[in-house]
Amino acid sequence: MGKSLTSRKEDYSKWYNELVVKADLAENSAVRGCMTIKPYGFAIWEKMQAELDKRFKETGHENAYFPLFVPKSLFEAEEKNAEGFAKECAVVTHYRLQNDPDKPGKLRVDPEAKLDEELVVRPTSEAVIWNTFKGWIQSYRDLPLKINQWANVVRWEMRTRLFLRTTEFLWQEGHTAHATKKEAIEEAELINSLYADFAENFLAMPVIQGLKSESERFAGAVETYCIEALMQDGKALQAGTSHFLGENFAKAFDVKFTSDQGKQEYVWATSWGVSTRLMGALVMTHSDDNGLVLPPNLAPIQVVIVPIFKNQEQLDLITEKAESIAEALKAKNIRVKYDNRTTHKPGWKFAEYELKGIPLRIAIGPKDLEKGTVELARRDSLSKSFENQEGIENLIDILLKDIQGELYTKAKNFRDSHITQVDTFEDFKDILENKGGFILAHWDGTTETEEKIKEITKATIRCIPMEGHKESGECVLTGNFSSQRVLFAKAY
């Protein structure tokens, strides 16, 4: 099963597309550019969602839901935001279909059903949310207002790839309002750190926290914080962003509050989000030529038990022991599945669960019952061992933690070995073409230089790191003064 995947070395893009489909994560739908997320893929997304939702609520945020449609007049109220997303918007212009008189059995848009005002299908929700916040905020007592929304958004894409870039995708978007600039900046930084901790400790995916350059900022933001990850093919992936919006949206929608001094002031804002793009990041951070590799913290099924039998009598005996082991694992809050299907052979099941990235697999046959053992297989290392049935739940608990740590360490070692510091543009181009990964280089801080480097190399500034690399120097392209090194890379 997994052996039929194209190898990463042969064609990384093809390997990724095949893996997403064959591991039952998602598939292309009848709607161009949109995907169907299959139950197994959605179960993984639900694990991400549940963990993030818990963390948001622990930091004082509440969930709400806002309309899918945004009146054009609201959408264009914050000019930079509107301009930034204008080319990606799907727009509803009519509200009814009718039978087509020229084509029996077909429908057409009713020309008499034109909307008085076009509706934008949300590419992001700042406009409709800040119009709503205007009615929710009157006094300093209403602040801070910390809202999160789990939703779908639409951004019209010409070139799509499952999870990484689709016309419709799922995400969460946080929107907060604060009495002071300081509080809003602290909120944006808090969420960026929350994203980084989630990525590293839940997805086992190392990330670098930083700021976006002006040209890479979210449209309408004063600052955009981000977490950047590195995929196995040496390309960067933006895994999450958190934006300090200043007073831009408050002024655009006239959201003011009466301060404790009795003065009318504009509120300060943030917005932040991660999406189903994290599913793509997960695949490309850990998986191999045999299929998906899942960190145990994230895996919907952490352990699968597969019986090996020749007849019903053997299956009944194995089932008794397997169910006993399963109950012991469940008592330790370990997610386990016992696959006693008689419609598929054990070898087929082994290949299926390897492809789907189940962290640990237990095989039990008649001889194992006699010896009091099981065969235990690790997905991350593909190693196998025979272990005693007695106390197996304790060993598995330890192994799952070990696998989680090993996956993070492996990914971090790869990432760190692919951060290269350069001082000349020739070295910059050489590393980019022959090694890949992040390039630490001086930049003179101008959009013109950034655009020129992108034009020549297709590399962009992924982030201005928040830690380290602060020494001054000369820009790698222009030789002009640079206050610190930044991270360049080709990116998804």
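Candidates are the residues of the range 445-478 that are β-branched (Val, Ile, Thr), touching a residue at least 40 places away in the same chain (Cβ under 8 Å) and out of contact with any Leu (no Cβ under 8 Å at 6 or more places or on another chain); the one that is nearest to Glu433 (Cα to Cα) is Thr460.
Of the candidates Glu83, Glu58, Glu46, the single residue that is over 22 Å from the mean Cα position of the chain (by Cα) and among the acidic types (Asp, Glu) is Glu83.
The number of residues in the range 24-56 being out of contact with any helix residue (DSSP H, G or I) (no Cβ under 7 Å at 6 or more places or on another chain) and either open to solvent by 40 Å² or more (accessible area, probe 1.4 Å) or not aliphatic (A, V, I, L, M) (or both) comes to 19. Taking the range 454-485 as the range and being in contact with a helix residue (DSSP H, G or I) (Cβ under 8 Å, 6 or more places away or on another chain) and part of a helix (DSSP H, G or I) as the test, the residues that pass are Ile456, Thr457. Does the range 90-102 contain any residue that is farther than 30 Å from Glu18 by Cβ, open to solvent by less than 70 Å² (accessible area, probe 1.4 Å) and of a type in the set (Gly, Ala, Ser)? Among the residues of the range 90-102, not one is farther than 30 Å from Glu18 by Cβ, open to solvent by less than 70 Å² (accessible area, probe 1.4 Å) and of a type in the set (Gly, Ala, Ser), which makes the answer no.
Highlighted here are the helices (runs of 4 or more DSSP H) found entirely within the range 1-114 that include at least 2 residues which are modelled with pLDDT of 95 or more, under 26 Å from Val153 (Cβ atoms) and among the charged types (D, E, K, R): 39-58. A single member of Val207, Val153 is more than 23 Å from Ile464 (Cα to Cα) and β-branched (Val, Ile, Thr), and it is Val153.
Total residues in the range 440-453 satisfying the condition of being over 14 Å from Arg485 (Cβ atoms) and assigned to a loop (DSSP other than H, G, I, E, B): the figure is 1. Go through the range 57-70 residue by residue and tally those that are in contact with a helix residue (DSSP H, G or I) (Cβ under 8 Å, 6 or more places away or on another chain) and farther than 13 Å from Thr124 by Cα. Residues that pass the stated criteria total 2. The number of residues in the range 57-80 that are open to solvent by less than 50 Å² (accessible area, probe 1.4 Å) and of a type in the set (D, E, K, R) comes to 1.
Just one of (1) over 29 Å from Thr166 (Cβ atoms); (2) among the small types (Gly, Ala, Ser); (3) in a strand (DSSP E or B) fails for Ala151. It is (1). Quick one: in the range 221-254, of everything that is within 15 Å of Ala177 (Cβ to Cβ) and of a type in the set (Asp, Glu), which residue is most open to solvent (accessible area, probe 1.4 Å)? The qualifying residue most open to solvent (accessible area, probe 1.4 Å) is Asp254. With a requirement of 1 or more residues that are open to solvent by less than 40 Å² (accessible area, probe 1.4 Å) and closer than 22 Å to Asn201 by Cα, the helices (runs of 4 or more DSSP H) lying completely within the range 345-439 that satisfy it span 392-417.
Screening Glu187 with (1) acidic (Asp, Glu); (2) out of contact with any helix residue (DSSP H, G or I) (no Cβ under 9 Å at 6 or more places or on another chain); (3) within 30 Å of Glu448 (Cα to Cα) gives one miss only, at (3). If you go through the range 443-476 and keep only what is within 29 Å of the chain's Cα centre (by Cα) and open to solvent by less than 20 Å² (accessible area, probe 1.4 Å), you end up with Glu450, Ile453, Thr457, Ala459, Thr460, Ile461, Arg462, Cys463, Pro465.
Just one of the listed residues (Arg122, Arg108) is under 23 Å from the mean Cα position of the chain (by Cα), over 20 Å from Trp268 (Cα atoms) and free of Cβ contacts under 8 Å to residues at least 60 places away in the same chain, namely Arg122.
For the residues Ala229, Ala204, the requirement of being touching a Leu at 6+ places or on another chain (Cβ under 6 Å) and either closer than 20 Å to Lys490 by Cβ or among the acidic types (Asp, Glu) (or both) singles out Ala229.
Within the range 305-333, residues that are closer than 18 Å to His344 by Cβ have Cβ atoms under 9 Å from residues that are among the aromatic types (Phe, Trp, Tyr) and assigned to a helix (DSSP H, G or I) in these pairs: Val306/Phe350; Val306/Tyr353, counting only partners at least 6 apart in sequence or on another chain. Are any of the residues in the range 167-178 closer than 30 Å to Asp11 by Cβ and aliphatic (A, V, I, L, M)? Looking through the range 167-178, at least one residue is closer than 30 Å to Asp11 by Cβ and aliphatic (A, V, I, L, M). Taking the conditions (1) at pLDDT 95 or above; (2) open to solvent by 70 Å² or more (accessible area, probe 1.4 Å) in turn, Met158 satisfies each one other than (1). Out of all the residues in the range 295-324, which are closer than 17 Å to Leu376 by Cβ and either open to solvent by 10 Å² or more (accessible area, probe 1.4 Å) or under 28 Å from the mean Cα position of the chain (by Cα) (or both)? Hits for the range 295-324 are Pro296, Ala299, Ile301, Gln302, Val303, Val304, Ile308, Lys321, Ser324.
Answer yes if at least one residue in the range 11-23 is among the acidic types (Asp, Glu) and open to solvent by 70 Å² or more (accessible area, probe 1.4 Å), and no otherwise. No: zero hits. Please indicate, with yes or no, whether at least one residue in the range 39-47 is of a type in the set (Phe, Trp, Tyr), farther than 21 Å from Trp171 by Cα and out of contact with any Leu (no Cβ under 6 Å at 6 or more places or on another chain). Scanning the range 39-47 turns up no residue that is of a type in the set (Phe, Trp, Tyr), farther than 21 Å from Trp171 by Cα and out of contact with any Leu (no Cβ under 6 Å at 6 or more places or on another chain).
The values are calculated or read from the model by the stated rules, or taken from the named source; none is laboratory data. This structure is a prediction, so every number in the text was calculated from the model and none was measured. For neighbour counting, all protein chains shown are included, and Cβ atoms are generated from backbone atoms with ideal geometry for every residue, glycine included. Just the protein is used for accessible areas: all its heavy atoms, side chains included, with ligands, DNA and RNA removed. Shrake-Rupley method; radii C 1.70, N 1.55, O 1.52, S 1.80 Å.
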